[in-house]
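Below is one structure, written out as structure tokens; comments come after it.
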Amino acid sequence: MTTEPLDPAATAAPTPPASGTAVLERPAGWWKTAVVYQIYPRSFADSNGDGIGDIPGITSRVDHLAQLGVDVVWLSPVYRSPQDDNGYDISDYEDIDPTFGSLADIDALIAALHARGIKLVMDLVVNHTSDEHPWFVESRDPASPKRDWYWWRPAREGAEPGTAGAEPTNWASFFSGSAWQFDEQSQEYYLHLFSRKQPDLNWENPEVRQAVYAMMNRWVARGVDGFRMDVINFISKQPGLVDVPAVPGRAHVPALERFANGPRLEEFLQEMNAAVGLDERHLLTVGEMPVSTPELARRVTDPANAELNMVFTFEHVELDRPSGASKWEVAPLELPRLKKNLAVWQEELADVGWNSLYWDNHDQPRAVSRFGDDSPEHRVSSAKTLATVQHGHRGTPYVYQGEELGMTNTRFLDIGSFADIESLNYHTEATGQGLPAEAVLQALAVRSRDNARTPVQWDDTSQAGFTEGIPWLPVNPNYVVVNAAAAVADPGSTFHHFRRLIELRHQLPVLVEGRFALLLPDHEQIWAYTRTLGEQVLLVVANCSSTPATVPPGVLPDVTGAQLLLPTHAGEPSARLQPWESRIHLIG
Ligand code: NOJ
């Protein structure tokens, strides 16, 4: 497994948790009964009127999380950063960006969460750093010992450095253009799979790995309970860094097969696990892994392999585009494909490994607008039913801020309203290639990450109670109706539906451990499945459409005498389901 010895001094835990921070018990496997709530700090709550959410803002809202009943907060990056990609470009892993607060503020947040029995998971962004990180700044000098910490390469053989087409390979960046940036100073290129301000770290270099593990250990010592690992399956590149087959009409080609799931991925994960004591200390670990397969996820989450607890798959959030197309191309979602995809993951990881369950995060459009129906008529029911379907599966559910309120996509009418680097770069590239501006704006309306990043709607006062200043991204105008104050006050709201689902997970072992079986796989409206543990069967039946649906006779288990745990609609359950009606029955 581990090839190079680790320097124990570099990875030892140096300090005890900050004073005043209660350490929460982490029994083995605790994360299996947990529900995680993701906070995107820039958009959560602003405490100082600068229009940008911050850590004291989060601390002021921890009672909202406690009332919802979540067990864990995953905090998107708050480290020091030039904010080129809203904090996913880190220039100091061990300090907090002044935009978000200070180390004292994070200690206070940990203490406030722990005091309410809520754990904190930090975002770990170590496939790349910021180009302003001292490691990268030093590596710009070809003679520096840090040169090999990043992927520096000369121009393509025979090409004039710095000219179009001279990049070392034809790989595309996720944020448009080439994945290589020419550096005038050293006349070489560096690799950046994301923005040019996010150079990729070279994990082949053992010093890089040791520096990362040492940093992780210091965060654990500070009191955090785990890590969400950003694009962690990109850390092992295929040897050689070579071109991928050309695609007509494209100067730069997506090259996932050259850098995702590379040959040393599992070795690095095992080494990290041992060096940080991830399993030993029962820390929650979830790896963001685009293009991961159920087979890989099973290996990575098999406890015997000591890698990660769970991974984020992308398969189910890529079904509403034509096969092989980019995220900007939209195709109607076929419910049977979505159900069957989740079922494959359920089955593959049934005996070994563990799933994460999510619809939403800071990179995805809002679930209720994408998979549900955000019209005034169906918004609440569809948000509830999507939550029921998600939380009923086997795995750890993730709730993205505002999802519990049924927050929807926004509608920006001009490019000037967008802030996301991916969206802005796509707009420049696509309009530059001649795509009509209207079509590009339409794609952004459906897909832009800014849909998830509009400020959390706390109440119906000015700026939705998010800030006393001007928000960095416009508040969704529907905040007068869709907001936390209204939802918490209404027992029939999406908030209380989520709260009840979380409660059920804490109460019912069958919801945590029960074996999954998909029913009616080809039905185009109804999503139905069972979870079975011993004599108990949980039946979830959901109409995932905006028209009524009828359950075909004789295909679902008999619910006579069963407990109706969580219906979305009042009245006697019948075979006829209202639009977006769902129920959970407990049989036995
Ligand atoms: C995945 C993160 O979720 C996304 O927000 C970010 O832009 C990229 N990784 C790069 O860090």
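The values are calculated or read from the model by the stated rules, or taken from the named source; none is laboratory data. All values derive from a computational prediction rather than experimental measurement. For neighbour counting, all protein chains shown are included, and Cβ atoms are generated from backbone atoms with ideal geometry for every residue, glycine included. The accessibility values were calculated without ligands, DNA or RNA, using every heavy atom of the protein model including side chains. Shrake-Rupley method; radii C 1.70, N 1.55, O 1.52, S 1.80 Å.
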Checklist outcome for this item: Just one listed residue, out of S381, S369, is in contact (Cβ under 8 Å) with a residue 60 or more places away in the chain, within 21 Å of the chain's Cα centre (by Cα) and in a helix (DSSP H, G or I), and it is S369
Checklist entry - Out of (1) over 30 Å from N86 (Cβ atoms); (2) crowded, with 21+ Cβ neighbours inside 10 Å, what's the single condition that is false for E307? => result (1)
Item to check | Tabulated pairs, the range 552-578, first among the charged types (D, E, K, R), second open to solvent by 60 Å² or more (accessible area, probe 1.4 Å), C-beta under 7 angstrom, 6+ apart or interchain | outcome: R576/T550
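Please verify whether the range 434-451 includes one or more residues that are closer than 20 Å to G57 by Cβ, surrounded by 22 or more Cβ atoms within 10 Å (Cβ to Cβ) and under 26 Å from the mean Cα position of the chain (by Cα). If you could, list the steps in order and put the result at the bottom.
Filtering the range 434-451 down to residues closer than 20 Å to G57 by Cβ leaves 450.
From what is left, the residues that are surrounded by 22 or more Cβ atoms within 10 Å (Cβ to Cβ) are 450.
Adding the requirement that they be under 26 Å from the mean Cα position of the chain (by Cα) leaves 450.
Within the range 434-451, one or more residues are closer than 20 Å to G57 by Cβ, surrounded by 22 or more Cβ atoms within 10 Å (Cβ to Cβ) and under 26 Å from the mean Cα position of the chain (by Cα).
Considering each of V276, V311, V291 in turn, give the residue that is over 22 Å from the mean Cα position of the chain (by Cα), closer than 27 Å to I39 by Cβ and of a type in the set (V, I, T). Before you say what the answer is, go through the steps one by one.
Numbers: V311 fails: over 22 Å from the mean Cα position of the chain (by Cα); V291 fails: over 22 Å from the mean Cα position of the chain (by Cα).
Just a single option satisfies the conditions, and that option is V276.
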Item to check | Verdict on L284 being away from the ligand (no atom under 16 Å from the Cβ), open to solvent by less than 30 Å² (accessible area, probe 1.4 Å), in contact with a strand residue (DSSP E or B) (Cβ under 6 Å, 6 or more places away or on another chain) and closer than 27 Å to S236 by Cβ | outcome: yes
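From the set of residues in the range 43-65 that are outside any loop (DSSP other than H, G, I, E, B) and touching a Lys or Arg at 6+ places or on another chain (Cβ under 7 Å), which is nearest to I502 (Cα to Cα)?
At the first step, the residues of the range 43-65 found to be outside any loop (DSSP other than H, G, I, E, B) are 43, 55-59, 62-65.
With touching a Lys or Arg at 6+ places or on another chain (Cβ under 7 Å) added as a condition, the list becomes 43, 62.
Details: S43: 24, V62: 16 Å.
Filtering first and then ranking leaves V62.
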Checklist entry - When the residues of the range 310-323 are filtered to those that are over 24 Å from M215 (Cβ atoms) and aliphatic (A, V, I, L, M), which remaining residue is surrounded by the fewest Cβ atoms within 10 Å (Cβ to Cβ)? => result L319
Next on the checklist: Here is a check on your reading of the model: is V78 touching a Pro at 6+ places or on another chain (Cβ under 8 Å) and closer than 23 Å to H391 by Cα?
Outcome noted: no
Checklist entry - T530 versus (1) part of a loop (DSSP other than H, G, I, E, B); (2) hydroxyl-bearing (S, T, Y); (3) buried (at least 18 other Cβ atoms within 10 Å of the Cβ): which is the lone unmet condition? => result (1)
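Inspect the range 532-549 for any residue being over 24 Å from Q401 (Cβ atoms) and charged (D, E, K, R) and give the result as yes or no.
First, the residues of the range 532-549 that are over 24 Å from Q401 (Cβ atoms): 532-541, 543, 545-549.
Those left that are additionally charged (D, E, K, R): 535.
Looking through the range 532-549, at least one residue is over 24 Å from Q401 (Cβ atoms) and charged (D, E, K, R).
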Next on the checklist: All but one of (1) open to solvent by 20 Å² or more (accessible area, probe 1.4 Å); (2) more than 18 Å from S47 (Cβ to Cβ); (3) among the aliphatic types (A, V, I, L, M); (4) touching a helix residue (DSSP H, G or I) at 6+ places or on another chain (Cβ under 7 Å) hold for A108; state the number of the condition that does not hold.
Outcome noted: (2)
Checklist outcome for this item: Contact list, first residue from the range 209-221 and in contact (Cβ under 8 Å) with a residue 24 or more places away in the chain, second anywhere and open to solvent by 10 Å² or more (accessible area, probe 1.4 Å) and of a type in the set (D, E, K, R), beta-carbon distance below 9 Å, six or more apart or interchain, is R209/E4; Q210/E4; Q210/D7; A214/D7; M215/E94; R218/E94; W219/E94; V220/R281
Next on the checklist: All but one of (1) away from the ligand (no atom under 16 Å from the Cβ); (2) closer than 24 Å to A419 by Cβ hold for Q67; state the number of the condition that does not hold.
Outcome noted: (2)
Checklist entry - For residues in the range 150-167 being farther than 22 Å from D84 by Cβ and open to solvent by less than 70 Å² (accessible area, probe 1.4 Å), which is farthest from the chain's Cα centre (by Cα)? => result A159
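I'm trying to understand the selection: among the residues of the range 337-348, which are open to solvent by less than 20 Å² (accessible area, probe 1.4 Å) and over 17 Å from A297 (Cα atoms)? Show your work before the answer.
We begin by selecting, within the range 337-348, every residue open to solvent by less than 20 Å² (accessible area, probe 1.4 Å); these are 338-339, 343, 345-346.
If the condition is that a residue be open to solvent by less than 20 Å² (accessible area, probe 1.4 Å) and over 17 Å from A297 (Cα atoms), then L338, K339 are the ones that fit.
Quick grid of which residues meet (1) in contact (Cβ under 8 Å) with a residue 40 or more places away in the chain; (2) assigned to a loop (DSSP other than H, G, I, E, B):
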position: P474; (1), (2): yes, yes
position: V482; (1), (2): yes, yes
position: A485; (1), (2): no, no
position: V488; (1), (2): yes, no
position: F495; (1), (2): yes, no
position: L501; (1), (2): yes, no
position: L504; (1), (2): yes, no
position: V510; (1), (2): yes, no
Next on the checklist: The conditions are (1) away from the ligand (no atom under 16 Å from the Cβ); (2) in contact with a Leu (Cβ under 8 Å, 6 or more places away or on another chain), and T454 fails exactly one of them. Which is it?
Outcome noted: (1)
Item to check | Residues of the range 185-211 satisfying the condition of being at pLDDT 95 or above and out of contact with any Phe, Trp or Tyr (no Cβ under 8 Å at 6 or more places or on another chain) | outcome: Q187, R196, K197, E204, P206, Q210
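Yes/no per residue for (1) open to solvent by less than 40 Å² (accessible area, probe 1.4 Å); (2) within 30 Å of V224 (Cα to Cα):
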| position | (1), (2) |
| --- | --- |
| S130 | yes, yes |
| E138 | no, yes |
| S144 | yes, no |
| D148 | no, no |
| L193 | yes, yes |
Checklist entry - Is at least one residue of the range 24-34 within 22 Å of the chain's Cα centre (by Cα), away from the ligand (no atom under 16 Å from the Cβ) and open to solvent by less than 20 Å² (accessible area, probe 1.4 Å)? => result yes
Next on the checklist: Contact list please: Cβ distance under 7 Å, first residue in the range 322-335 and within 22 Å of H427 (Cα to Cα), second residue of a type in the set (A, V, I, L, M, F, W, C) and open to solvent by 50 Å² or more (accessible area, probe 1.4 Å), pairs at least six apart or on different chains.
Outcome noted: none
Next on the checklist: For the range 65-86, give me each residue that is surrounded by fewer than 22 Cβ atoms within 10 Å (Cβ to Cβ) and of a type in the set (G, A, S).
Outcome noted: A66, G69
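For the range 288-300, which positions are more than 16 Å from the ligand (Cβ to nearest atom), open to solvent by less than 70 Å² (accessible area, probe 1.4 Å) and more than 16 Å from E267 (Cβ to Cβ)?
First, the residues of the range 288-300 that are more than 16 Å from the ligand (Cβ to nearest atom): 293-300.
Next cut, open to solvent by less than 70 Å² (accessible area, probe 1.4 Å) only: 293-294, 296-297, 300.
Selection gives T293, P294, A297.
Pick from T385, T428, T410: which is buried (at least 24 other Cβ atoms within 10 Å of the Cβ), modelled with pLDDT of 95 or more and of a type in the set (S, T, Y)? Walk me through it before giving the result.
On the way: T428 fails: buried (at least 24 other Cβ atoms within 10 Å of the Cβ); T410 fails: buried (at least 24 other Cβ atoms within 10 Å of the Cβ).
Only one candidate qualifies: T385.
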Item to check | Residue list for the range 213-263, restricted to those being within 16 Å of the ligand (Cβ to nearest atom) and surrounded by fewer than 19 Cβ atoms within 10 Å (Cβ to Cβ) | outcome: P254, L256
